[in-house]
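S.K.: Right, I'll just put the structure down here and ask away after.
Read the figures in this text as sums done on the coordinates, not as results from a lab. Values in this document were obtained by computation on a predicted structure and should not be read as measured data. Neighbour counts run over all protein chains shown; Cβ positions are idealised from the backbone, glycine included.
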Amino acid sequence: MKKIAVLTSGGDSPGMNAAIRAVVRTAVFHELDVCGVFQGFQGVVDGDFKKLHVRSVGKILGRGGTILKSARCKEFRTKEGRVRAIENLRKNEIDGLVVIGGNGTFAGAMKLQEEHSFPIIGLPGTIDNDLAGTDNTIGFDTATNTIVEAVDKIRDTADSHNRLFFVEVMGRDNGFIALRTGIATGAIAVMTPETGLDSNDLIDVLQAGQRSQKSSSIVIVAEGDKSGGAYELAKKIHNKTDLYDIRITVLGHLQRGGPPSCSDRVLASRLGVEAIEALLRGESNCMIGIVNDSLLSTPFKKAVANKIHTLEDEVRIARILSI
Ligand code: F6P
C-alpha cells in the first residue's frame with residue numbers, strides 16, 4: 001500500500017475534520033501518500049481528488065463541518081456510477097480508501113467492495129449514533145451537548161411562563177439523540193420510536209406532572225417519532241386538552257455544526273490513526289469503532305444493522321426520572 005484516499009459523506013458531523021487530520025497525519029507518519037476526495041462519493045465518481053500534506057490539515061482539529069465537503073450521491077447508488085468510481089480510484093493509483101460517514105456511506109462502501117473488491121475502512125461520522133460496533137459515533141457528543149445547552153435556555157422561559165415546550169431533535173428514524181438529551185435535560189417525556197408513547201399516553205404523563213405540582217415541562221420529540229414531529233404532536237395535545245400554554249421549538253441544523261467537543265476530537269483522532277493502521281494490516285470492508293474504551297473492527301454489514309435494542313436502558317431511566 002503506497003497511496004490512500006479519504007472522504008467524508010452523508011450529513012456532516014462535528015469531529016469529521018479531526019478524523020481527516022488523524023487519517024492524513026497517520027498516513028504520512030507511515031510514509032504513505034494521501035489524497036482528499038471532495039464531496040464524498042460524488043468526488044470519486046467525478047474524479048475530484050487533491051493531494052494532501054501534513055500542513056493541509058493544520059488548524060482544523062477544532063473546526064466543525066468537513067474541509068472535504070460532503071454529499072449524498074445518487075450516481076454512486078448505480079452500478080455505472082460505481083464503475084466510474086473504481087476507474088478514478090485506479091487512475092489516481094489509490095490503494096486504499098477511508099470513508100467517514102454513517103449508514104448510507106457504509107452501504108455504498110459495501111457495494112464498491114462487493115463489486116470491485118477495493119480495500120475500504122469506515123469511520124463512524126454521524127450525529128445520530130445509530131451504528132453498531134461503537135459506543136459513540138463522531139459528532140454525537142457535540143450534537144447532544146449543543147441540544148442540552150439550547151434546552152437549558154428554553155427551560156428558563158418554560159419555567160418563567162409555566163409553559164409546556166415541545167422540542168424536536170434530529171436522529172433520523174431512531175431516538176439515540178432524543179433519549180440522551182431527554183435524560184440530560186430532565187424532560188417530562190421523550191417521544192421516540194423506541195419509547196412507544198402516543199399522544200394519549202403523553203396526556204396521562206402531563207396530567208400526572210400537573211398533579212405533582214410541575215409548573216412547566218419539556219417534551220423532547222425525536223424527528224422520527226411516529227407522532228409526526230413536534231408540531232403534529234403539539235396540535236394533538238392542544239386539541240385534546242387546554243390545560244397548557246404550549247410552545248414548539250424545532251432545533252434543526254444548529255445541532256450539526258459547531259466546534260467538536262473534547263470527546264469527539266479524541267474519538268476522531270483515535271479512530272483516524274487506527275483506520276490507516278488497519279488498512280496497512282490488510283483489513284477491509286469494516287468500520288473502526290470504540291467499545292468499552294477498546295478499538296474494534298466491525299464488518300460494514302453488522303455496523304449498519306440498527307442497534308436500537310441498546311436503548312432499553314435509556315427508555316427506562318428517562319421514564320423513572322421524569323415523575
Ligand atoms: O444523519 C444526520 C442527520 O442530521 C439526521 O439526524 C437528519 O435526519 C438528516 O441528517 C438531515 O439531513 P439533511 O441535512 O440532508 O436535511
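S.K.: Return, ordered by residue number, the residues of segment 78-117 whose backbone nitrogen is under 18 Å from a label point located 7 Å along Cα→Cβ of Lys301.
M.R.: What the label zone holds, given the 18 Å backbone N cut-off, is 103-117.
S.K.: Roughly what % of Cα-Cα distances in the chain sit above 27 Å, to the whole percent? Each step should come with its number before you reach the end.
M.R.: Working: 23507 of 52003 pairs.
The proportion of pairs with Cα distances above 27 Å equals 45 percent.
S.K.: Under a no-solvent Debye model with one identical scatterer per Cα of segment 208-323, what's log10 I(q)/I(0) at q = 0.12, 0.21 Å⁻¹?
M.R.: -0.74, -1.31
S.K.: Could you give me the ³J(HN,Hα) list for segment 112-117, computed from phi with Karplus coefficients 6.51, -1.76, 1.60 and θ = phi - 60°, whole Hz, x at Gly and Pro?
M.R.: 4, 5, 4, 7, 10, 6
S.K.: How many nm separate the modelled label positions at Lys91 and Leu254, each set 7 Å beyond the Cα in the direction of the Cβ?
M.R.: In this crude spin-label approximation the distance works out to 4.4 nm.
S.K.: Can you run phi through the Karplus equation (6.51, -1.76, 1.60; θ = phi - 60°) for segment 272-277 and list ³J(HN,Hα) in whole Hz, with x for Gly and Pro?
M.R.: Calculated HN-Hα couplings, in order: x, 4, 5, 4, 5, 5 Hz.
S.K.: Can you pull the three principal axis extents for the Cα set of segment 150-250, in Å, largest first?
M.R.: That works out to 32, 28, 21 Å along the principal axes.
S.K.: Using the Cα centre as the reference, give the magnitude of the dipole from point charges on the C-beta atoms of the chain (Lys, Arg: +1; Asp, Glu: -1; all else neutral), rounded to the nearest 20 debye. Before the final figure, lay out the partial values.
M.R.: Numbers: 40 positive and 39 negative charges, 157 e Å.
It comes to approximately 760 debye.
S.K.: Ok, one more. Taking only C-alpha pairs under 8 Å that are 6+ residues apart, what is the relative contact order of segment 221-291 in percent?
M.R.: Taking the mean separation of contacting Cα pairs over the length of segment 221-291, I get 17 percent.
S.K.: Across the Cα atoms of segment 3-93, what radius of gyration and what greatest pairwise Cα-Cα distance (Dmax) are found, in Å?
M.R.: In Å, with Rg to one decimal and Dmax whole: 13.0, 38.
S.K.: Please give, to one decimal in nm, the separation of the simple spin-label points placed at Lys74 and Ile320, each 7 Å out from Cα toward the Cβ.
M.R.: If labels sit at Lys74 and Ile320, their model points lie 4.9 nm apart.
S.K.: Next question. Calculated from DSSP H runs of 4 or more alone, at -39500 (n - 2.57) each and per residue, what is the 222 nm mean residue ellipticity of the chain, nearest 500? Write down the numbers at each step before the final one.
M.R.: Details: 11 runs with 136 residues, N = 323.
Calculated mean residue ellipticity at 222 nm is -13000 deg cm²/dmol.
S.K.: In the structure shown, do any of Lys74/Lys111; Lys51/Lys91; Lys3/Lys74 have a Cα-Cα gap over 19 Å, and if so which?
M.R.: Among Lys74/Lys111; Lys51/Lys91; Lys3/Lys74, the Cα-Cα distance tops 19 Å for Lys3/Lys74.
S.K.: Right, next: At q = 0.21 Å⁻¹, what log₁₀ I(q)/I(0) does a Debye calculation on the Cα points of segment 256-313 give, no solvent, two decimals?
M.R.: Taking Cα atoms of segment 256-313 as identical point scatterers yields -0.97.
S.K.: Fewest first, what order do Ile276, Ile323 take by the number of other Cβ atoms within 10 Å?
M.R.: Starting with the residue having the fewest Cβ neighbours, the order is Ile323, Ile276.
S.K.: Using only the Cα atoms of segment 21-163, what are the Rg and Dmax in Å?
M.R.: Reported Rg and Dmax, both Å: 18.6, 64.
S.K.: Calculate, in whole percent, how much of the Cα-Cα pair population of segment 112-174 lies beyond 13 Å.
M.R.: 72
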